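Undergrad: What follows is a single structure, and I will ask about it in a moment.
The values are calculated or read from the model by the stated rules, or taken from the named source; none is laboratory data. Being a predicted model, the structure only gives us computed values, none of them experimental. Here Cβ is always computed from backbone atoms with ideal geometry, including for glycine, and neighbour counts include all displayed protein chains. Keep in mind that these areas ignore ligands, DNA and RNA; they rest on the heavy atoms of the full protein, side chains included. Shrake-Rupley method; radii C 1.70, N 1.55, O 1.52, S 1.80 Å.
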Amino acid sequence: IIEEHAINLTIKNPIISYEDLDKIKYIDHLNFKSSSIECLYDFKKGHNGIEEALDKIVELIEKYIDKGTNIIILSDRNVSKKKAPIPILLACSYVHQTMISKNKRSKFGIIIESAEPREPHHFSMLFGYGASAINPYLVNEIIIYHHKIGYIENISLDQAIKNFNEAIAMGILKVMNKIGISTLNSYRGSQIFE
């Protein structure tokens, strides 16, 4: 074991803001490299389109890992009239399970950029199936909109987003405590849901 093996990317709250996500996306460090992957499928193909897209995502992740990527960002942005989002929990769990079976899961962390998670249970499920951090961009955009039109008063926009992120983190902690797990590292990837 050498010193380089002990280098970690540390975040205070696993619910991350746009700024934190951008820091990870554009990280400029010798030991870290991130790559974004779209979790979208051709909705005209239906379920077959989802299955094809999931297989392509795993193939792409393997290529990125071989090129030194160790942070994968699964994103459901860029939805269009032709492309629909893969349910992000499905994408996260499929990547997690498939890469475990290929003995490559320990080579990268999963960051989620999604419009789906809104409640503590949504986030808990994603962490339980392998996510390391989550950017709930739709919730952030709703907070930004409500702050702009005056529904959120007497606090800054940054504080409003921080309050949401902290509330979700406390909700996840409550879920973990009910199960008897005290750290997110122990909970991540545990797949203890029925």
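Undergrad: Answer yes if at least one residue in the stretch 92-107 is within 14 Å of the chain's Cα centre (by Cα), aromatic (Phe, Trp, Tyr), modelled with pLDDT of 95 or more and surrounded by 15 or more Cβ atoms within 10 Å (Cβ to Cβ), and no otherwise.
TA: Yes, because at least one residue in the stretch 92-107 is within 14 Å of the chain's Cα centre (by Cα), aromatic (Phe, Trp, Tyr), modelled with pLDDT of 95 or more and surrounded by 15 or more Cβ atoms within 10 Å (Cβ to Cβ).
Conditions (1) farther than 30 Å from residue 31 by Cβ; (2) in contact (Cβ under 8 Å) with a residue 24 or more places away in the chain; (3) among the aromatic types (Phe, Trp, Tyr); (4) not in a helix (DSSP H, G or I), marked per residue:
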site	(1), (2), (3), (4)
90	yes, yes, no, no
103	no, no, no, yes
112	no, yes, no, yes
127	no, yes, yes, no
141	yes, no, no, no
150	yes, no, no, yes
161	no, yes, no, no
165	no, yes, no, no
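Undergrad: Which residue is surrounded by the fewest Cβ atoms within 10 Å (Cβ to Cβ), if the candidates are limited to the stretch 57-70 and must be in contact with a Phe, Trp or Tyr (Cβ under 9 Å, 6 or more places away or on another chain) and not aromatic (Phe, Trp, Tyr)?
TA: Top of the filtered list is 70.
Undergrad: Given the conditions (1) modelled with pLDDT under 95; (2) over 19 Å from residue 191 (Cα atoms), report the number of the one that residue 133 does not fulfil.
TA: (2)
Undergrad: Given (1) open to solvent by less than 70 Å² (accessible area, probe 1.4 Å); (2) more than 21 Å from residue 185 (Cβ to Cβ), identify the lone condition not met by residue 73.
TA: Every listed condition holds for residue 73 apart from (2).
Undergrad: Could you list, in sequence order, all residues of the stretch 142-151 that are under 20 Å from residue 16 (Cα atoms) and either of a type in the set (S, T, N, Q) or more than 21 Å from the chain's Cα centre (by Cα) (or both)?
TA: Of the residues in the stretch 142-151, the ones under 20 Å from residue 16 (Cα atoms) are 142-147.
Those that are under 20 Å from residue 16 (Cα atoms) and either of a type in the set (S, T, N, Q) or more than 21 Å from the chain's Cα centre (by Cα) (or both): 145, 146, 147.
Undergrad: For residues in the stretch 10-42 being closer than 18 Å to residue 94 by Cβ and of a type outside the set (S, T, N, Q), which is farthest from the chain's Cα centre (by Cα)?
TA: Among residues in the stretch 10-42 that are closer than 18 Å to residue 94 by Cβ and of a type outside the set (S, T, N, Q), the one farthest from the chain's Cα centre (by Cα) is 42.
Undergrad: Would you point out which residue out of 44, 56, 81, 63 is outside any loop (DSSP other than H, G, I, E, B) and at pLDDT below 95?
TA: Of 44, 56, 81, 63, the one residue that is outside any loop (DSSP other than H, G, I, E, B) and at pLDDT below 95 is 44.
Undergrad: Still on this structure, I have one more. Among 41, 26, 64, 18, which is the only one that is within 24 Å of residue 139 (Cα to Cα), among the aromatic types (Phe, Trp, Tyr) and out of contact with any helix residue (DSSP H, G or I) (no Cβ under 7 Å at 6 or more places or on another chain)?
TA: 26
Undergrad: Residue check: is residue 131 under 29 Å from residue 52 (Cβ atoms), open to solvent by less than 50 Å² (accessible area, probe 1.4 Å) and of a type in the set (Gly, Ala, Ser)?
TA: Values: under 29 Å from residue 52 (Cβ atoms): yes; open to solvent by less than 50 Å² (accessible area, probe 1.4 Å): yes; of a type in the set (Gly, Ala, Ser): yes.
Criteria met by residue 131.
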